[in-house]
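Comments concern the structure below.
Only the coordinates and a few stated rules stand behind these numbers; no lab work does. The shown structure was predicted, so the numbers you read here are calculated from the model rather than taken from an experiment. In this analysis, Cβ positions are derived from the backbone assuming ideal geometry, glycine residues included, and neighbour counts consider all displayed protein chains.
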Amino acid sequence: MGIYPAPLEKLIRELSKLPGIGQKSATRVALYILKSDKGLAQSLAESLTKVKEEIRFCSRCFNFTDQDTCVICENGNRANGMLCVVEGPGDQLAIEESGVFKGRYHVLHGVLSPLDGVGPEDLKIGALLSRLENEGICEVILATNPTAEGEATASFLSKMLTDKSVKITRIALGVPMGGDLKYMDSMTLRHALKSRTLLLS
Ligand SMILES: [Zn+2]
């Protein structure tokens, strides 16, 4: 038995199942919803249902969309020849928000992880190969995360694509902006040195 009435306890319990929301934050959000006018609760409930009913994966790049193909795939101004391969829709959004990349994306929906039983057939790799052939891709940027699984996936993809006539690049790994070398781990420094760029020769 909790200290709040049962419906409020249930709302707190449900909210605390969300990532990054602990018991305290869930209680704060639930009490806020309770004291706000009914419109907030109603529009929240509607948005939650709508997002589950209407959001699906783009049939081309597997990004989130509410249409058959997403706005990026539909945008004729994007550079067609460059394809940035990411693990999940969140990674695609982060790159898009940076505003630097103007090509197309391909979302793998995971990374290779033999221990968790995730193999190549569980990722959107077959669709990636079809896109290379059908869309005249000349560069594939492997932007999986710099984790053991992300690196293994990038390495797997680069080996698999060697016989295709496309340029394969990997996002640079190293020291973050505002970072301090003396606090970097040796793996990060090793990558930073390996990924160094030429300024003047
Ligand atoms: Zn798309």
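Could you give the distance between the Cα centres of segment 173-201 and segment 1-46, to the whole Å? Measuring centre to centre over Cα atoms gives 44 Å. Mean-square fluctuations from a GNM of the chain, with a 10 angstrom spring cutoff on Cα atoms, peak among 108, 123, 48 at 48. Counting only alpha carbon atoms, the long axis of helix 89-98 and the longest principal axis of the chain meet at about 70°. Which one, 187, 177, 82, has the greatest fluctuation when you compute a Gaussian network model over the chain with C-alpha springs under 10 angstrom? Taking springs between Cα atoms under 10 Å, the residue moving most is 177.
Counting Lys and Arg as +1 and Asp and Glu as -1 over every other residue whose Cβ lies under 12 Å from the Cβ of residue 8, the net charge comes to +1. Across the options 136, 125, 108, the greatest Cα extent toward the positive end of the charge dipole of segment 106-201 (unit charges at beta carbon of Lys, Arg, Asp, Glu) belongs to 136. Given +1 at the Cβ of Lys and Arg, -1 at the Cβ of Asp and Glu and no other charges, the dipole of the chain around its Cα centre is 460 debye to the nearest 20. The long axis of helix 125-134 is offset from the longest Cα principal axis of the chain by roughly 50 degrees.
I want the antiparallel fraction of DSSP beta bridges within segment 62-143, as a percent rounded to 5. Each step should come with its number before you reach the end.
On the way: 1 of 9 bridges.
Of those bridges, close to 10 percent are antiparallel.
What the phi angles of segment 71-85 give under the Karplus curve with 6.51, -1.76 and 1.60, with θ = phi - 60°, is a coupling list of 5, 6, 5, 7, 7, x, 8, 6, 5, 6, x, 10, 10, 9, 9 Hz, glycine and proline written as x. Near residue 27: Cβ cut-off under 15 Å, other residues only, Lys/Arg at +1 and Asp/Glu at -1. The net charge is +4. Within the chain, antiparallel bridges make up roughly 20 percent of the DSSP beta bridges whose residues both belong there.
Counting every pair of alpha carbons in segment 51-195, the share spaced more than 21 Å apart comes to 47 percent.
Relative to the longest principal Cα axis of the chain, at what angle does helix 6-15 sit, 0 to 90 degrees, rounded to 10? For helix 6-15, the angle is close to 10 degrees. Between 29, 83, 45, whose Cα lies farthest towards the positive end of the dipole of the chain when Lys and Arg beta carbons carry +1 and Asp and Glu beta carbons carry -1, centred on the Cα centre? The residue sitting most towards the positive pole is 29.
Please enumerate, by chain and number, the lysines with C-alpha under 26 Å from the C-alpha of residue 17, excluding those fewer than 8 residues away in the same chain. Counting by Cα, and skipping residues close in sequence, residue 17 has these lysines nearby: 35, 38, 50, 52. Sorted from longest to shortest, the spans of the Cα atoms of segment 63-102 along the three principal axes equal 22, 20, 16 Å. With θ taken as phi - 60° and the Karplus curve 6.51 cos²θ - 1.76 cosθ + 1.60 applied, the whole-hertz 3J(HN,Hα) list for segment 156-170 is 4, 5, 5, 5, 5, 9, 4, 7, 8, 8, 10, 7, 10, 10, 10 Hz, x standing for glycine and proline. With contacts taken as Cα pairs under 8 Å at a separation of at least 6 residues, segment 1-148 carries a relative contact order of 18 percent.
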